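Colleague: One structure is given below, represented as structure tokens, and several questions about it will come after.
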Amino acid sequence: MATNAGLKPPRGGQASDADPESAAAGRRPGPWPPRIEPLPPDHGHNPKVLKSWARRTGYKSTVSGETAASSNSDVEISNADSSLPKPLSQLRPKGAEKATVPANVPKGNPKSKATNVVSVDAPSALRPPAGADRKAPEPDQQVGAHQIRMEPHRGSKDSQADMLSQSLDTEDVLYARQSHMKYEIRENPGIVPLVFYGLQHYLSIIGSIILIPLVIVPAMGGSDEDTARVVSTVLLITGLATLMHTFLGSRLPLIQGPSFVYLAPALAIINSKEFQSISTDRFKHTMRELQGAIIISSGFQVLLGYSGLMSVLLRLVNPVVVTPTIAAVGLAFFTYGFPVVGSCVEIGIPQILVVVFFALYMRKISVFGHRIFQVYAVPLGLGIVWAYAFLLTEAGAYNYKGCSVHVPSSNIISEECRRHVFTMMHCRTDASVAMKTAAWFRFPYPFQWGIPSFHWRTACLMIVASIVATVDSVGSYHASSLLVAARAPTPGVVSRAIGLEGLTSTLAGIWGIGTGASTLTENVHTIAVTKMGSRRAVEFGACVLILMSLVGKIGAFIASIPQVIVAGVLCIMWTMLTAFGLSNLRYSETGSSRNVIIVGLSLFLSLSVPVYFQHYAAGALPATVASYFQPYTVAAHGPIQTGIEGLDFLLNTVLSMHMVIAFLVAFVLDNTVPGSRHERGTYVWSKPRAARREPAVVKDYSLPPRLAKFFSWARWVGL
């Protein structure tokens, strides 16, 4: 029979430290977060009883009224405890006993008395110790009310918060565990699958890795050979940064590489009057300026991570902030996308259509059990359209009598050739001479472009970009951990990872790739689609990239991709980046008017405010600046004119960047407009004490033993 007395848990000691949801020592706790299933129809389900429990766990019932506001003072245990998901009952510690609580009255007769008793599994951490005092129920806690109220656990805040903190909404669980991963973070798939999945991981996001140099190097006035060298350097830095992150960072299977977050400030520096006016060797002068700015901004990121300040920032960065910030990064480049595609529509439009057709219409077609069209949509589409463009070129579609694509425009005398030079430059696949001029083997070395230049205005601009990159990485860490790891990382692990991102960006600045290195957001989608979360596969692919960077012809081959094809692929990549940013909103209450207004206002202002700065007193563009780069020339004519040239450059440029406006608006509103933790969707990070007690979490995130001893004094950057 069920007792009608309130059960009071212990106030401290080891019992309070026990984590009832952790697995037995050395075993992975299985799919996490657990799947939350609704009660069977024959169970009496009273949504009013579960309000407090729903608030603490993030549980959203299908019963109307479940998500109403509730008190956070007490934990109510009723017949609803029998609805705890099955994985929890299977994961109870050894020695767990059966506790009986009275069942709720069926919905059809709410006034009738309860006569039946339902038995539920009670974890040992919730059982009172032997001889514990039993308090008689108060009038509102009688058995007839079918409810036993327990006072909150006062012994260990870490244990209490971590016990149910990892539960997510049903929709999130379906995303996080669409089906079990083929290989999780610490699993070794074997040699053959290791090679296959390692290469697959990088091929699926090849566009994010190689396309940035194809945009910025020509904008800097670099030659085809310069583009090939930067591409090879990008491959080297991506491989090194990824290896460092999997060994010393968050240890999640995330690829580190050139980030689109740094592209907008890089273009602003490239198109400033100072560098547009350089007549000789403009590429190297501009690259050295970018190197110096990235090195200083990466030092700021190192300080933010390894000092522990990142743990403070994590309390203020939530999905409602991440969503518009990352979405604005993708939306910011609309002036480049289709305007460049339109320069050769017979190639650019098919490029977009082929990738969309593969990624959407053929995404469920499997070949030998692999959805190759969904995973390889970008590389397959790029290869097919590139071959199509090659056939057009060889068939003479762009041959004009007496005209050569390799003659500089300034040396063309024939008026007929001047009229066709634009088409030839954008449509022909033999416009690049990189394959002819590049060496077979070349080692990218530090300071290959010269000694970096350091100026405070460009450094501050890149520091702002590094803050946005940090926000981007926080969302990627949380989303990827739900897919491959036992639990989300602790704030210390996130801090350590951000600090390491600063170090990898320092390498990017020293070698000179034009941008900083950060977590590639698209990587999370690749993990979800391929079901490959093995750390070893990502490390193997990183080693392959390092070897590829030594072969100069590989970089030259990539550099020879026609610009119109690059623009077509970027239209898809930036679309995916926008979509990934918006998908972060699923961790919050998506139907909340508070969240909808904050995200909508942030996105609208992120598009509208920069237009004001970009069009303010805009005059004729210099002949060297393409029209699609006009948004990045705002420093010369922006509305802020303080008389200090460097300050004018910084303020006008920062306030004309879409991602900065989105971040500022969302950050201020989300942290000032009232809203519960559940409504805001506050990211749930593992509690340090509970994480150190769980062997699976320790193995997922802890540093190698020798390094762990070195960092044992700095708890704020580890478990």
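Colleague: Any idea how many residues of the range 676-699 are touching an Asp or Glu at 6+ places or on another chain (Cβ under 9 Å), farther than 30 Å from Arg594 by Cβ and assigned to a helix (DSSP H, G or I)?
Modeller: Total satisfying the criteria: 5.
Here is a yes/no grid of residues against (1) of a type in the set (Ser, Thr, Tyr); (2) surrounded by fewer than 20 Cβ atoms within 10 Å (Cβ to Cβ); (3) free of Cβ contacts under 8 Å to residues at least 60 places away in the same chain; (4) farther than 30 Å from Arg487 by Cβ:
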| site | (1), (2), (3), (4) |
| --- | --- |
| Gly638 | no, no, yes, yes |
| His658 | no, no, no, yes |
| Arg677 | no, yes, yes, no |
| Arg692 | no, yes, yes, no |
| Lys699 | no, yes, no, no |
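Colleague: Mind checking which helices (runs of 4 or more DSSP H) fall wholly inside the range 221-285 and carry at least 2 residues that are among the hydroxyl-bearing types (Ser, Thr, Tyr)?
Modeller: 224-248
Colleague: Give the residues of the range 580-610 that are modelled with pLDDT of 90 or more, open to solvent by 50 Å² or more (accessible area, probe 1.4 Å) and closer than 26 Å to Trp685 by Cβ, sorted by residue number.
Modeller: Across the range 580-610, the qualifying residues are Leu582, Val596.
Residues are listed down the side, and each one gets a yes or a no for (1) more than 23 Å from Met576 (Cβ to Cβ); (2) charged (D, E, K, R):
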| site | (1), (2) |
| --- | --- |
| Pro339 | no, no |
| Gln351 | no, no |
| Leu360 | no, no |
| Arg363 | no, yes |
| Val375 | no, no |
| Gly383 | no, no |
| Trp386 | no, no |
| Phe390 | yes, no |
| Glu394 | yes, yes |
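Colleague: Does at least one position in the range 193-214 carry a residue that is part of a loop (DSSP other than H, G, I, E, B), of a type outside the set (Phe, Trp, Tyr) and over 23 Å from the mean Cα position of the chain (by Cα)?
Modeller: No, that holds for no residue.
Colleague: Output the residues belonging to the range 701-715 that are without any contact (Cβ under 8 Å) to a residue 12 or more places away in the chain and assigned to a helix (DSSP H, G or I).
Modeller: Across the range 701-715, the qualifying residues are Pro705, Arg706, Ala708, Lys709, Phe710.
Colleague: If you scan the range 642-675, which residues turn out to be outside any helix (DSSP H, G or I) and either of a type in the set (A, V, I, L, M) or touching a strand residue (DSSP E or B) at 6+ places or on another chain (Cβ under 6 Å) (or both)?
Modeller: Residues satisfying the conditions are Ile644, Leu655, Met657, Val673.
Colleague: For Ile561, all conditions in the list (1) under 26 Å from Ile269 (Cα atoms); (2) hydrophobic (A, V, I, L, M, F, W, C); (3) open to solvent by less than 10 Å² (accessible area, probe 1.4 Å) hold save one; what is the number of the exception?
Modeller: For Ile561, the exception is condition (3).
The rows are residues; the columns are (1) modelled with pLDDT of 90 or more; (2) of a type in the set (D, E, K, R); (3) open to solvent by 10 Å² or more (accessible area, probe 1.4 Å); (4) touching a helix residue (DSSP H, G or I) at 6+ places or on another chain (Cβ under 7 Å).
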site	(1), (2), (3), (4)
Ile326	yes, no, no, yes
Phe338	no, no, yes, yes
Val341	yes, no, no, yes
Pro350	yes, no, yes, yes
Leu353	yes, no, yes, no
Gln374	no, no, yes, yes
Ile413	no, no, yes, no
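Colleague: Sticking with this one: Considering the range 519-568 alone, what residues qualify as being of a type in the set (Ser, Thr, Tyr) and more than 26 Å from the chain's Cα centre (by Cα)?
Modeller: Scanning the range 519-568 gives a single hit, Ser560.
Colleague: Kindly establish whether Asp172 is of a type in the set (D, E, K, R), open to solvent by less than 20 Å² (accessible area, probe 1.4 Å), modelled with pLDDT under 85 and in a helix (DSSP H, G or I).
Modeller: Working: of a type in the set (D, E, K, R): yes; open to solvent by less than 20 Å² (accessible area, probe 1.4 Å): yes; modelled with pLDDT under 85: yes; in a helix (DSSP H, G or I): yes.
Considered against the rule, which asks whether it is of a type in the set (D, E, K, R), open to solvent by less than 20 Å² (accessible area, probe 1.4 Å), modelled with pLDDT under 85 and in a helix (DSSP H, G or I), Asp172 comes out as yes.
Colleague: Collect the residues in the range 640-653 that are open to solvent by 20 Å² or more (accessible area, probe 1.4 Å) and not polar (S, T, N, Q), keeping them in residue-number order.
Modeller: Across the range 640-653, the qualifying residues are Ile640, Gly643, Ile644, Glu645, Leu647, Leu650, Leu651.
Colleague: To continue, here is another question. Filter the range 281-309 down to the residues that are more than 19 Å from Gly516 (Cα to Cα) and of a type outside the set (Lys, Arg), then identify the one that is surrounded by the fewest Cβ atoms within 10 Å (Cβ to Cβ).
Modeller: For the range 281-309, the residue satisfying everything is Asp281.
Conditions tested, residue by residue: (1) open to solvent by less than 10 Å² (accessible area, probe 1.4 Å); (2) closer than 30 Å to Ala714 by Cβ; (3) hydrophobic (A, V, I, L, M, F, W, C).
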{"position": "Val493", "(1), (2), (3)": "yes, yes, yes"}
{"position": "Leu500", "(1), (2), (3)": "yes, yes, yes"}
{"position": "Leu507", "(1), (2), (3)": "no, yes, yes"}
{"position": "Gly514", "(1), (2), (3)": "yes, no, no"}
{"position": "Asn523", "(1), (2), (3)": "yes, yes, no"}
{"position": "Ile527", "(1), (2), (3)": "yes, yes, yes"}
{"position": "Arg536", "(1), (2), (3)": "no, yes, no"}
{"position": "Ile565", "(1), (2), (3)": "yes, no, yes"}
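Colleague: Please give the number of the condition Leu316 fails out of (1) part of a loop (DSSP other than H, G, I, E, B); (2) open to solvent by less than 10 Å² (accessible area, probe 1.4 Å); (3) within 23 Å of Thr490 (Cβ to Cβ).
Modeller: Just one mismatch for Leu316, condition (2).
Colleague: Any idea which of Ile510, Ile451, Ile467, Ile463 is within 18 Å of the chain's Cα centre (by Cα) and either outside any helix (DSSP H, G or I) or of a type outside the set (Gly, Ala, Ser) (or both)? Quick ask: steps written out before the conclusion?
Modeller: Numbers: Ile510 fails: within 18 Å of the chain's Cα centre (by Cα); Ile451 fails: within 18 Å of the chain's Cα centre (by Cα); Ile463 fails: within 18 Å of the chain's Cα centre (by Cα).
Going through Ile510, Ile451, Ile467, Ile463 in turn, the sole match is Ile467.
Colleague: Are there any pairs, at least 6 apart or on different chains, whose C-beta atoms fall under 6 Å, with the first in the range 362-377 and free of Cβ contacts under 8 Å to residues at least 60 places away in the same chain and the second of a type in the set (A, V, I, L, M) and assigned to a loop (DSSP other than H, G, I, E, B), and if so, which?
Modeller: Here the result reads Phe373/Met362; Phe373/Ile365, each pair linking the range 362-377 to a residue that is of a type in the set (A, V, I, L, M) and assigned to a loop (DSSP other than H, G, I, E, B).
Colleague: Quick one: Ala439 ticks every box in (1) assigned to a helix (DSSP H, G or I); (2) over 30 Å from Ala696 (Cα atoms) except a single one, so which number is it?
Modeller: Exception for Ala439: condition (1).
Colleague: Can you pull out the residues in the range 195-221 that are touching a residue at least 40 places away in the same chain (Cβ under 8 Å), more than 20 Å from Val569 (Cβ to Cβ) and not β-branched (Val, Ile, Thr)?
Modeller: Tyr197, Gly198, Met220, Gly221
Colleague: I'm trying to understand the selection: among the residues of the range 415-460, which are open to solvent by 80 Å² or more (accessible area, probe 1.4 Å), modelled with pLDDT under 85 and aliphatic (A, V, I, L, M)?
Modeller: Listed by number, the list holds a single entry, Met425.
The values are calculated or read from the model by the stated rules, or taken from the named source; none is laboratory data. Computed from a predicted model, the values in this text were never measured in an experiment. Because the Cβ atoms are built from the backbone with ideal geometry, glycine has one as well, and the counts that use them run over all protein chains shown. For the accessible areas, the whole protein counts, side chains as well, though only heavy atoms, and no ligand, DNA or RNA atoms are used. Shrake-Rupley method; radii C 1.70, N 1.55, O 1.52, S 1.80 Å.
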